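Below is one structure, written out as structure tokens, with a few remarks after it.
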Amino acid sequence: MRRQYRLREKKRFQQVRRRGRSVKHRLMVMVLLPNELPYSRFGFTASKRIGNAVKRNRVRRLMREAVRLMWEDVLPGWDVVCIARRPIADATFQDVQAACAQLLALAGLLKEGHDAAHLESDQIDVS
């Protein structure tokens, strides 16, 4: 994922977390806030509850790659913070990729033509 499309400033992370709306999954939470840009930006966090530095970095890489593969399908104009939850430490890449797809679809950030019918309601919560 190109640097331009990544959230890196602590201040913007805090704004998105404070003012944004969240979509929750068993493996991660996405917090969304509109931006005034012609593209979307993503930030990724994993707290120490996930594990040591190696595990946290692996989890962030998995989330980043899952979003990168879906980049063409994401609507522009949003800042999104992806927050890892504890079960993601043991998840496979396919699990993380499916969670990202489900959350983006539920949040309405996917371009037209993408079906959200396969969402499992027991794993997702919108608030």
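The values are calculated or read from the model by the stated rules, or taken from the named source; none is laboratory data. All values derive from a computational prediction rather than experimental measurement. Neighbour counts are summed over all protein chains in view; Cβ atoms, including those assigned to glycine, are modelled from backbone coordinates with ideal geometry.
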Practice item. Considering each residue of the range 96-127, count those that are basic (Lys, Arg) and at pLDDT below 50, and give that number. Key: 0
Review point. Within the range 86-102, is there a residue that is under 19 Å from Arg6 (Cβ atoms) and surrounded by fewer than 17 Cβ atoms within 10 Å (Cβ to Cβ)?
Key: no
Review point. Looking only at the range 7-29, which residues are among the charged types (D, E, K, R) and in contact with a Ser or Thr (Cβ under 8 Å, 6 or more places away or on another chain)?
Key: Arg21, Lys24
Practice item. Could you please let me know if Ile88 is β-branched (Val, Ile, Thr), over 22 Å from Asn35 (Cβ atoms) and modelled with pLDDT of 95 or more? Key: yes
**Study point:** Answer residue from the range 1-42, given it is under 22 Å from Thr92 (Cα atoms) and of a type in the set (Lys, Arg) and is farthest from the chain's Cα centre (by Cα) among those
**Key:** Arg26
Practice item. Specify which of the listed residues (Ala89, Ala66) is in a helix (DSSP H, G or I) and either among the basic types (Lys, Arg) or under 11 Å from the mean Cα position of the chain (by Cα) (or both). Key: Ala66
Check your understanding: Taking into account only those residues within the range 36-50 that are surrounded by fewer than 17 Cβ atoms within 10 Å (Cβ to Cβ) and of a type outside the set (Lys, Arg), which is farthest from Ala105 (Cα to Cα)?
Key -> Ser47
Revision key, fill the gap. In the range 1-25, residues that are of a type outside the set (Ser, Thr, Tyr), surrounded by 13 or more Cβ atoms within 10 Å (Cβ to Cβ) and within 18 Å of Arg60 (Cβ to Cβ) total 8
**Study point:** First in the range 34-51 and within 18 Å of Arg86 (Cα to Cα), second anywhere and part of a strand (DSSP E or B), Cβ under 6 Å, 6 or more apart
**Key:** Gly43/Val81; Phe44/Cys82; Thr45/Ile83; Ala46/Ala84; Ile50/Ala84
